[in-house]
Structure formats: structure tokens, C-alpha cells
Amino acid sequence: MLQQAVIAIEDERFYQHRGVDVRGILRAAWRNFTRQSVVEGGSTITQQLARNLFLTPRRTLDRKLQEILLAVEIERRLTKEEILERYLNQVYFGNGAYGVEMASRLFFGKSARELTLPEAALLAGVIQAPSRYSPFDNFPAAKRRQEVVLDRMVELGFLRPDQAEAAKKARLQVSPGPRNLGLVGVRAPYFVSYLLPYLVERYGEDAVYNGGLRVYTTLDPRLQAIAQEVVSRGVEEARRAGLRVTQGALVAVEPRTGRILAMVGGVDFQRSQFNRAWQARRQPGSAFKPFIYVAALEHGVSPDRVLLDAPVEYRIAGWGYWRPKNYDGTYWGPIPLRVALEHSRNIPAVRMLVELGPQAVIDTARRMGIRSPLQPNLSLALGTSEVTPLEMASAFATLAAGGVYAEPVAITRVLDSRGRVLEEVQPHRRMALRPDVAYLMTDLLRGVILRGTGRAADVGRPAAGKTGTTDDYRNAWFVGYTPELAVAVWVGNDDNSPTNRVVGGSVPARLWARFVKRALAGRPPADFPMPEGVVRVPVCVKYAADGSCQQQGWRAVLRGSEPAPSPPPEVRPGSPPEDATLQPQSVVLLQPQDGATVTSPFVVEGRAVPGAQVRLVVVLEGGPAPVKVVDTKLPVAPDGSFGYTVESALRFSGARYRVTVEATGPSGASSTATVTVQER
């Protein structure tokens, strides 16, 4: 039945000619001329077999003559049955399926021996143009083509009219299964499935699958194998742990060239050919926040700017009030931008988005490499617009490359079967960010790994990144980079069902670290090159109970904005408790500095013993009588940092502010620190 259907539509005089059908060539030429389009080909089945087995797809007179001579020779050596069998076993049906058996399983989930008449006619119709007549992508066209096949079978006496009509009316059940079955046995199938659409669009299916093209790619086989193992094993471990994670994806790119070194679009290509690395758009959650803060840095916002982490609501026209919340439901009050990003606080990010405007953030994301649609609303700050892992990897690679965006590329060169160069791909790079902005953001994102939500991604070498988790734990991300690699990891479920409280700092961060450690094993650690205009200054990252610095770190600042050394703060210890487990000096004022000149509003920032209660009192002096302008308790971050923006309604040149903070530690020990500053 299938053989008759193929003969009817591809070569009706198959059993009469000797390899070349002159009558068929003339008939096809006349029909194509009268309809002003190619509706019928002139090549016999034997000619098609000769072309597929021995020749290139180039359409030239020389190749056509070779095809005719080979077809005649094939007819001399093989019987008609052998020719038809070989043709049916190698002809291409699209979606990576060669031969009727693979095509039958691809489209209908059954062996070719089990095909019904309607199914056989549909398969036969696909051969002429697999893309145009694919039942997956264009079922109406495939159905119309099937009916043409059935009509030809009636004309040739293979069917009675009533049989053809019944077959046309029969319901076709196309398999919902894999769309790239032909790639199951291919090395790095997810990567290859990313290449194929481009190659087919540029060179045509015949050239790609039968033309002997040699395609040189950017794939690193070692990294690809590591990536697949990390994703498959990591998701399986999460599943066994009851975390309700069934899928994952990983993309690794080379920052300075955009070369895709590894691409894994799922746990097992044989079970699912859907490539989540570039076909699946998912909400990135907090992994989107770097785009907000990059835009802020571009607009002159300092990494040490104090942002307010406190409840806020916004009236949305036609919707009502929107009240964003933090992941843990708490609020830390005034905190530096650096801390807000490290600990992925939502409210400061929303406030910064409001200050900048959503479009400014979208423009920044576009320049860095995000191509998916981004909605200009306030929830953009929480990562509600969907993106792909490939986009996120290439966008973060822009930071790793010092602000230079390199378009992702998977192919370096394409040669034809004779070794002639058809295409040579060079990296497409452009300046997306100022180098100092890119470096400052990298410095901030290093803090995410060293002190913040991404500590599980610490690989023992300079690295930066960001966690991302969406509402109801439906998506979890870690996107990060070293100078050599930019890698995006996503885990979740295809049906968008929630995981069991999986966050970006858990499974994705661990998978990211596993991949990067193995990918860079044996290579000495490299640091991010610091551009002109940026300097590193010392900063205390861990304070002792007496206020002294227990651990010193470094932070990047723009040249010319380095803070002056702070004088020792005035300290007036309170009465220690009987157990006296704390040293008296338990609070330090970091800014403003004593004797500094300020302009209201100005920021007060300090450190206390973690867990302390802090009270801030600001008194305005220099007028007829001292006026207390601030008297409030301040929330303290887990690392002991606190901040507040002082804004006085009474302002006059030469006025002095006496700023006093009092901290009471968990054991009851208390201390104070005071500075005096002057209004400009």
C-alpha cells in the first residue's frame, strides 16, 4: 500500500522506464509551466536514489547529467524491487527522519507495516517537500497533499474511488511524540537541534541532509559531555530528594566571542527532544535584577547608595493596588544597593525600577542580549517577563567581557562536499556597556556568591552571578560567569507546576558550580581585568563585637569617588550586663564622617553586632535652640549593617547635625557612636 502511494505521487511510470522517464520530464515541465509554479518534479525514483546516494544537491546541468547516467547504471544492476526498497529506506521525511520506518514511528508511533491507507498516503505526500507538508508544522497542507496522493492512486487503478473517499474522511491521529527522532543517535543532539533550523533555512533540507556539507561548530565535546552529565544527574538527584524537579537546561558561552561551547536542553533527548535551552521561555525571577542595577549604574547611581527596603504599594490603572513583597516576608529598612542585590531583596529593586522607569531597564537588557519580549511594567523588577537560558547566558557574558556583547554563534565554517567554503562566521561584537559599569556590576555580583544568595556557586576562583526564583517555585535559575565562561542553568517542570521549594541558590547554583569546576579544571584562576576609571578600596566585611574589623575585603569604586579614611568614632559605652559577653564598642558609624559637609537629605550608614537593636537620634544645632529631627529605631541586616536617609524640614546654611546611634547587642551590652556634620 505504501509502495503504491509513493509510486503514484513520485514516479507513476516506475515499472515502465529504465531509470529516466522522458515522458515524465516533459509532463512535469508542461504542468509546472501552465500553473506557473513547481507542482511536479521530473526525476524518477531511480534518479532520486542516485542523487541521494552519490551526488551533491547543487542544481546544475552537469549534476543532472551525472544523475541520469547513474540512474541508468542503477537500473542495470538492481531489480525494481531492490531500487524501491533502497529508496524507501533512505528517503528523507523531515524532522531528522530518514526512511519509511523511522518516519512511520515519528509521525504515527507505529511500524511502517502497521500503517493504514490514509497514513501511508500522508507519508508519501511528505516526500516532495518535508518542511511544507510536515503534519507537525502544517497539518492542513499535509492533509491536502494526502488527498492528492489518493486521487492519483485512483487514476492509476491502485484504488477504487470509494476507497479513496473513505480514506480522505478517516481521522488521522498524528503522534504527539518527539519531533527530532532522527537526532537521537547523534552526538550532542540538543546542540545539533539548535543548528538545524539555521542550516535548513540557509541551504535547504536536501543540501543539509544529503549534500555532504561539512559544518564546523563551536561545540566543545568535553564541556558538552560534562554539561549533559551535570544536568541529568542533578535533576535525578533532585527528583529522588522529593523536590519535584523533572527538567533542566544549561548553556555555556565564551564571553569574548559568543561561541556556544555547550548546550543541554533537557535531561534525556531520547525521551524529550524539546530544547529548553533556547526554545523554552521562562520567568527568570530575581536573575533579572542585574539589568535593573546595570541601568542604575549607567545613570550614576552609586553601588553604595542606600535603598529603602520597606512596605510599599503602587496604584495600577485598571487593576488596583500592587504590593510587592520580599521572598522571606521581612523588611530590612534602609540598606546599601550592594546588600540589596547580594541578598536579592525585592522592594529595593522595585523602587529602583520606578526611579529609572521600566523602559530604561528594557533598553539596557536589549543592549546586553535579551531578545524576548519584555513588558514595561513594575513587575519587571521581579523577573516576570519570560526569557531563554541562551539569552541569559549571552547577556551575562556581556558583563564578563567588560561590556562587549558578542552575538551567540554555533557555527564557524561550512564547506560543500568538494571542500569549497560556503560560509565563514566571524564573531559579531559591539560595545553594549561602558567598561567601568560592567566591572562595577561584576564586583556587585561577586558579592552574591561570596556573601549572598549564591554561596552554593562558590568555585574557589573569581566568579560572579545571580540566583533567580519565581512565584510558587515554578522556575529556579543560576546565571553566572568567570572571565572564561558564562553559564546559565535552569530547572523546573515542563507543565509549569511548582517544585518543592527549589530556589536558585540551591539546585541550580550547585549544578552551575559542578559544571564550572570541571570545565575549568587544570586552568589557573583568572581575575576580571579592571578597566581605567575604576579602583579597589578596602572595606570591612566582618566586624568583631568591639567594632573592630575582623575580616577585610575590597570593593570597586569609580576613580575619584574613593571614601576618605574614617576617624575612630566617639564611643560612650553603656553599663555592661553581669555576664558581659560583648565588648563595649559594638557600633561603628561608617558615614557620614565626623566634620564632613553634607546637603540634606544625607545618608547615615553603620555596622553593629549582628542581632543588635539600633536607635538613631539626629539633633539640629546652630539655631535658637537644638531641634531633634530624627529619633527612631533602625532595622539591622543579618550582617549587622544599617542605614537611614536623614531629611530635615529645617535647613539653613551652617547648621550642624549631631548624629548619634546607640546599639544594644543580643546579650544586653550597649554602646553609642556620635559624629557631627555641617549643612553646606
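The values are calculated or read from the model by the stated rules, or taken from the named source; none is laboratory data. Please read these numbers as outputs of a predicted model, since none were measured by experiment. Note that each Cβ is placed from the backbone with ideal geometry, even for glycine, and that neighbours are counted across all protein chains shown.
If the condition is being surrounded by 13 or more Cβ atoms within 10 Å (Cβ to Cβ), at pLDDT 75 or above and assigned to a loop (DSSP other than H, G, I, E, B), then region 1-57 contributes M1, D11, E12, R13, F14, H17, G19, V20, D21, S43, T44.
Scanning region 446-473 for residues that are over 21 Å from D639 (Cβ atoms) and either basic (K, R) or assigned to a loop (DSSP other than H, G, I, E, B) (or both) returns V459, G460, R461, P462, T470.
In region 308-355, which residues are among the hydrophobic types (A, V, I, L, M, F, W, C) and more than 28 Å from the chain's Cα centre (by Cα)?
To start, the set of residues in region 308-355 that are among the hydrophobic types (A, V, I, L, M, F, W, C) comprises 308, 310, 312, 316-317, 319, 322, 332, 335, 337, 339-341, 347, 349-350, 352-354.
Of everything in region 308-355, those that are among the hydrophobic types (A, V, I, L, M, F, W, C) and more than 28 Å from the chain's Cα centre (by Cα) turn out to be L308, A310, V312, I316, A317, W319, W332, I335.
Reported count of residues in region 586-616, each being among the β-branched types (V, I, T), farther than 16 Å from A655 by Cα and in a strand (DSSP E or B), is 5. Being more than 20 Å from A188 (Cα to Cα) and touching an Asp or Glu at 6+ places or on another chain (Cβ under 7 Å) is a description that does not apply to Q247. Scanning region 461-483 for residues that are within 29 Å of R555 (Cα to Cα) and buried (at least 18 other Cβ atoms within 10 Å of the Cβ) yields a total of 15.
Quick one: which helices (runs of 4 or more DSSP H) sit completely within region 281-383 and have at least 3 residues that are more than 24 Å from G505 (Cα to Cα)? Outline the logic, then answer.
Working: elements: 289-298, 337-342, 346-356, 358-368.
Hits in region 281-383: 289-298, 346-356, 358-368.
Suppose we filter V502, V487, V587, V491 for residues that are of a type in the set (A, V, I, L, M), buried (at least 17 other Cβ atoms within 10 Å of the Cβ), at pLDDT 70 or above and in the same structural domain as R658 (by TED's automatic domain parsing); which single one remains? Being of a type in the set (A, V, I, L, M), buried (at least 17 other Cβ atoms within 10 Å of the Cβ), at pLDDT 70 or above and in the same structural domain as R658 (by TED's automatic domain parsing) holds for just one of V502, V487, V587, V491, which is V587. For region 91-110, a residue qualifies if it is at pLDDT 85 or above and among the polar types (S, T, N, Q), and exactly one does: S104.
Every test in (1) out of contact with any helix residue (DSSP H, G or I) (no Cβ under 9 Å at 6 or more places or on another chain); (2) farther than 29 Å from E532 by Cβ; (3) surrounded by fewer than 24 Cβ atoms within 10 Å (Cβ to Cβ) is passed by Q426 save one, and that test is (2).
Answer with yes or no whether S193 is at pLDDT below 95, of a type in the set (S, T, N, Q) and closer than 26 Å to L415 by Cβ. In short, yes. Restricting attention to region 411-463 and to residues that are over 26 Å from A365 (Cα atoms) and free of Cβ contacts under 8 Å to residues at least 24 places away in the same chain, the residue that is nearest to the chain's Cα centre (by Cα) turns out to be E424. Tell me, yes or no, whether region 425-438 has at least one residue that is in the same structural domain as R474 (by TED's automatic domain parsing) and closer than 16 Å to G480 by Cα. Scanning region 425-438 turns up at least one residue that is in the same structural domain as R474 (by TED's automatic domain parsing) and closer than 16 Å to G480 by Cα. The set of residues from region 384-397 being outside any loop (DSSP other than H, G, I, E, B) and hydroxyl-bearing (S, T, Y) comprises just one member, S394. Of the residues making up region 86-120, those that are under 29 Å from P197 (Cα atoms), of a type in the set (D, E, K, R), in a helix (DSSP H, G or I) and in contact with a Ser or Thr (Cβ under 9 Å, 6 or more places away or on another chain) number 3.
The residues of region 421-445 that are part of a strand (DSSP E or B) and of a type in the set (A, V, I, L, M), listed by number, are V421, L422, M431. Restricting A488, A521, A513 to those that are farther than 27 Å from R345 by Cα and of a type in the set (G, A, S) reduces the list to A521. All of A249, A277, A166 fail the test of being under 30 Å from G109 (Cα atoms) and assigned to a strand (DSSP E or B), apart from A249.
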